[in-house]
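Q: Supplied in structure tokens, the structure appears directly below.
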Amino acid sequence: MRIITPDAHDFEIDQAPWYLPAGDEVQLFETAWQAKLPVILKGPTGCGKTRFVAHMAHKLGRPLVTVACHEDLTASDLLGRFLILGEETVWCDGPLTTALRHGAILYLDEVVEARNDTMVVIHPLTDDRRILPIDKLGASLQAPDDFMLVMSYNPGYQSVLKELKQSTRQRFISLEFSYPEAELEQKVVEQESGVAAKHAKSLVKIAEKVRRLTERGLEEGVSTRLLIHAGTLMARGIDPARACEVSFVRTLTDDADLQRSIHEVVRDFF
């Protein structure tokens, strides 16, 4: 039987993604990889979790296979399936099997969006066995030393219907992410958007005030990613107030009262 698996070069990161550490997360991640421990990254949307994983994959010299989890994700989507090509039946590896064969880092993004019965397939990889049973092939794959399993989710979006089971959660170590402190966040916005330092500083101050509006019904505060979007537009000549409006004022909420409140914060600076 022929097995088709994507080439490892398809998942290599040629250029190091820029990342500014906020604590000891780089050391902890590297140590976890060396110790063959799976990792969960927890934090709000747009705070740098995905960028961090890409940065670490490049630093460790490993391919990075990413899966954007969703409620229709099945075990076969992760493992692979049989397909008919012409008159031949072949096995096509899924992202989990591909990552295992290449000793890659497998990144399951927003894992709580996936069904719990799908996540059960990763359990044998997260204990001392480090194996992946594939019933359809009648075989088990042994994870190489370089393989690492990483998951991420936003705790703020958890509910009774979308929550990691304890049987899954307790197999991982957890790294907490949040929005950077003001000085670090300003450096990130400057670096990533190319906006002037004074405007980056104003954007971060706006973000600090807007994030307090979560107490008044805003679902989630403005992310570092959205600040970078605003800074990118400003660096390319868009009026600062207008850049903020299209980057996060109208993105964060459709509630007219909350939009007005965010507008007022923006007007204080631009």
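Q: With the crude spin-label approximation of a point 7 Å out along Cα→Cβ, what separation in nm comes out for Ala241 versus Gln15?
A: If labels sit at Ala241 and Gln15, their model points lie 3.6 nm apart.
Q: Between Ser178 and Val90, what is the label-point separation in nm under the 7 Å Cα-to-beta-carbon projection?
A: With each label placed 7 Å out from Cα toward Cβ, I get 5.0 nm.
Q: What is the Cα centroid distance between region 40-59 and region 97-135, reported in whole angstrom?
A: Centre-to-centre distance over Cα atoms comes out at 18 Å.
Q: Out of residues 5 or more away from Glu110 or on other chains, whose amide H comes under 5 Å of its own, with H placed 1.01 Å from N in the peptide plane?
A: Answer set, sorted by chain and number: Ser152, Tyr153.
Q: A further question on this structure: By how many degrees, between 0 and 90 and to the nearest 10, does the Cα long axis of helix 224-235 differ from the longest principal axis of the chain?
A: Approximately 60 degrees, to the nearest 10.
Q: Then there's this: If you stretched the chain out fully between Leu28 and Asp145, how much longer would it get, using 0.36 nm times the residue separation minus the C-alpha to C-alpha distance?
A: Result for the pair: 40.4 nm of gain on full extension.
Q: Counting pairs of Cα atoms in region 192-270, how many percent are more than 20 Å apart? Show your work: numbers first, answer last.
A: Working: 637 of 3081 pairs.
Tail of P(r) above 20 Å: 21 percent of Cα pairs.
Q: How large is ³J(HN,Hα), in whole Hz, for each residue of region 242-253 in order, when computed from phi with the Karplus curve 6.51 cos²θ - 1.76 cosθ + 1.60 and θ = phi - 60°, using x for Gly and Pro?
A: Per-residue couplings from phi come out as 5, 4, 5, 4, 7, 7, 9, 4, 8, 7, 6, 7 Hz.
Q: Which peptide among 102-114, 226-238, 121-133 comes first, and what is the full order, when sorted by highest mean count of other Cβ atoms within 10 Å?
A: Details: 102-114: 22.2, 226-238: 20.5, 121-133: 15.9.
Most protected by this proxy first, the peptides run 102-114, 226-238, 121-133.
Q: With axes computed from alpha carbons, what is the tilt in degrees of helix 182-193 against the longest principal axis of the chain, rounded to the nearest 10 within 0 to 90?
A: 80
Q: Quick one: if the Förster radius is 25 Å, what FRET efficiency do Ile4 and Ile131 give, using the C-beta to C-beta distance and rounding to 0.05? Let's see the in-between values first.
A: On the way: r = 22 Å, r/R0 = 0.87.
Using R0 = 25 Å, I get an efficiency of 0.70.
Q: Hey, what number do you get for the chain at 222 nm if only DSSP H runs of n ≥ 4 count, each worth -39500 (n - 2.57), divided across all residues, to the nearest 500? The partial results should precede the final answer.
A: Details: 11 runs with 101 residues, N = 270.
About -10500 deg cm²/dmol.
Q: Could I ask something else about it? If each residue of separation counts as 0.36 nm, what is the full-extension length gain between Lys198 and Glu264 once their alpha-carbon separation is subtracted?
A: On the way: separation 66, 0.36 × 66 = 23.76 nm, distance 1.93 nm.
The Lys198-Glu264 span can extend by a further 21.8 nm.
Q: Please name whichever of Phe172, Leu227, Ala143 sits farthest to the positive end of the charge dipole of the chain, dipole taken about the Cα centre and charges placed at Cβ: Lys and Arg +1, Asp and Glu -1.
A: The Cα lying farthest towards the positive end belongs to Leu227.
Q: List the pair-distance distribution P(r) of the chain, using every Cα-Cα distance, as the percent of pairs falling in each 10 Å bin from 0 up to the bin containing the longest distance, rounded to whole percents.
A: Distribution as computed: 6, 26, 29, 22, 13, 4, 0 percent.
Q: Under the Karplus relation 6.51 cos²θ - 1.76 cosθ + 1.60, θ = phi - 60°, what is the ordered set of whole-Hz ³J(HN,Hα) values for region 97-104, x standing for Gly and Pro?
A: Using θ = phi - 60°, the values come out as 5, 4, 4, 5, 5, 9, x, 8 Hz.
Q: Sequence gap at least 6, Cα distance under 8 Å: using those rules, report the relative contact order of region 2-176 to the nearest whole percent. Please report the intermediate quantities before stating the final value.
A: Details: 302 pairs, mean separation 53.1, N = 175.
This gives 30 percent for region 2-176.
Values in this text are rule-based calculations from the coordinates and carry no lab data. On a predicted model such as this, the values are computed, not experimentally measured, just so you know. Note: ideal-geometry Cβ built from the backbone for every residue, glycine included; neighbour counts use all protein chains shown.
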